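Inspection log for the structure reproduced underneath, given as structure tokens.
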Amino acid sequence: MQRGIAALSTVPAVVAPTRLVQQGKAGQVHRLTLQVEERFGVQPSGQVERKLERIFEKATESDLCGWVDHMSMLPATDSEWLSLVESLTVHETYFCRDKPMLRMLRGEVMSQLLQRKKQSGDYTFKIWSAGCSTGEETTNLVMLLLQALVKEGEASVSVDGEISPNPRWKLQVIGTDVSRQVVATAKNAHYADFGMGSFRDFSQANLKQFFELVSDIADPLPGVNYYRAKPFVRRHLSFRQHNLLSSSPAETGCDIVICRNVLIYFQDSVKRAVQALFGRALSTGGVLVLGGPDVLYWPEFYKRQFGDGGAWYIKEA
Ligand SMILES: C[S@@+](CC[C@H](N)C(=O)[O-])C[C@H]1O[C@@H](n2cnc3c(N)ncnc32)[C@H](O)[C@@H]1O
């Protein structure tokens, strides 16, 4: 038997769901939802099945059956699956979502990690934001990391608020998502400032310091301002497509892995497999941050910490 974190590599990334198959067109939709779950973790809830029934309203049962047979032959990486999963996933996100947790990340988690890295003479810092949607959470993480570096005396702030880390630091903050559409939006990095949009809970001071107005938007909404993060933030950011049910993590050697408001859509066996992937992504001493309702599935590998913003987990071995 393998011991330590290496055991996590034996956990199957894809866990086949077992449920009764129904008859008729609804039965075909149900067959498809089971395959969605098997490939992407998204559970076949009533809401997902209703979305699919609407998509296939005009198809006959035999057309649908043929198409489901065809889909079952394709791997999760095929663009037909990736197009379908776009419309079945929830992409809700915004800047400064869960402020107490973000304050804790900057104040306790990042400060401790930066101090430890400085002591060991390691000036790299890598964060993986898994299930990042359109990139607000990932961009937020760069802002927090830059502020934490200032607090540790490892970055300076110019009169207009630009934060420049000591050049010995190499910072990488990587956002990944299964949806190609949201990853494209994150890379494009233009965020509209309206009502319940990305900036719904963002202060004017942060907007001024970290963002700039964008004027060259194709088809802008009338009367709406668009912003993107300033170059001093964007230079540490990258985004790419990655399915959390893959056999490998998107990154390894991470100091922080954060995954919030994603695992809630998965069944327990999938959550467990995905958290095994996070264990393989983290360096020893790295920190796992999950969403408020998420349970830790591999407590034997982590030291649990509690702060004002909730729990965080230090990988021990
Ligand atoms: C509600 S958003 C959360 C965004 C951000 N983490 C936050 O808390 O604001 C959930 C994201 O998880 C992504 N997702 C769902 N299943 C996934 C999978 N199997 N692999 C990677 N991302 C997935 C969705 O595409 C969606 O963008």
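Relative to the longest principal Cα axis of the chain, at what angle does helix 61-72 sit, 0 to 90 degrees, rounded to 10?
50 degrees
Just how large is the dipole of segment 158-230 about the Cα centre, in debye to the nearest 20, putting +1 at every Lys and Arg Cβ and -1 at every Asp and Glu Cβ?
320 debye
Taking θ as phi - 60°, what are the ³J(HN,Hα) couplings along segment 148-161 by the Karplus curve (6.51, -1.76, 1.60), each to the nearest whole Hz, with x for Gly and Pro?
Values per residue, Gly and Pro as x: 5, 5, 4, 4, 8, x, 10, 8, 10, 10, 7, 4, 8, x Hz.
Going through the cross-link list Lys151/Lys271; Lys51/Lys315; Lys118/Lys271; Lys99/Lys230; Lys208/Lys315; Lys51/Lys208, which pairs have a Cα-Cα distance over 31 Å in this structure?
Lys151/Lys271; Lys51/Lys315; Lys118/Lys271; Lys208/Lys315; Lys51/Lys208
Test of understanding: in a Gaussian network model of the chain with alpha carbons linked when under 10 Å, which of Gln43, Gln23, Gln35 would top the mean-square fluctuation ranking?
Greatest mean-square fluctuation among the candidates belongs to Gln23.
Spin-label point model (7 Å from Cα, Cβ direction): what's the Leu296 to Met196 distance in nm?
According to this spin-label approximation, the distance is 3.4 nm.
Hey, got the dipole for segment 202-267? About the Cα centre, +1 on K and R Cβ, -1 on D and E Cβ, debye to the nearest 20?
140 debye
From the helices alone, meaning DSSP H stretches of at least four residues, give me the mean residue ellipticity at 222 nm for the chain, per-run term -39500 (n - 2.57), in deg cm²/dmol to the nearest 500.
Result for the chain: -10500 deg cm²/dmol, rounded to the nearest 500.
If you put +1 on each Lys and Arg Cβ and -1 on each Asp and Glu Cβ, how big is the dipole of the chain around its Cα centre, in Debye rounded to 20?
860 debye
Among Ala184, Ala218, Ala155, whose Cα sits farthest toward the positive end of the charge dipole of the chain (+1 at Cβ of Lys/Arg, -1 at Cβ of Asp/Glu, about the Cα centre)?
Final value for the positive-end residue is Ala155.
To the nearest 0.05, what FRET efficiency results for Ala59 and Thr252 with a Förster distance of 41 Å applied to their C-beta separation?
0.45
Extension gain Arg103-Asn188, at 0.36 nm per residue separation less the Cα-Cα distance, in nm?
27.9 nm
Taking a cut-off of 16 Å between Cα atoms, list the aspartates and glutamates near Lys117, but don't count ones fewer than 8 places away on the same chain.
Leaving aside aspartates and glutamates fewer than 8 places away in the same chain, those within reach of Lys117 are Glu108, Glu152, Glu154, Asp255, Glu316.
Normalised by the number of residues in segment 51-210, what is the relative contact order in percent for Cα pairs under 8 Å and 6+ residues apart?
For segment 51-210, the relative contact order is 27 percent.
Values quoted throughout were computed directly from the atomic coordinates according to the rules given, and no laboratory measurement underlies them. The shown structure was predicted, so the numbers you read here are calculated from the model rather than taken from an experiment. Cβ atoms come from the backbone with ideal geometry, glycine included; neighbour counts cover every protein chain shown.
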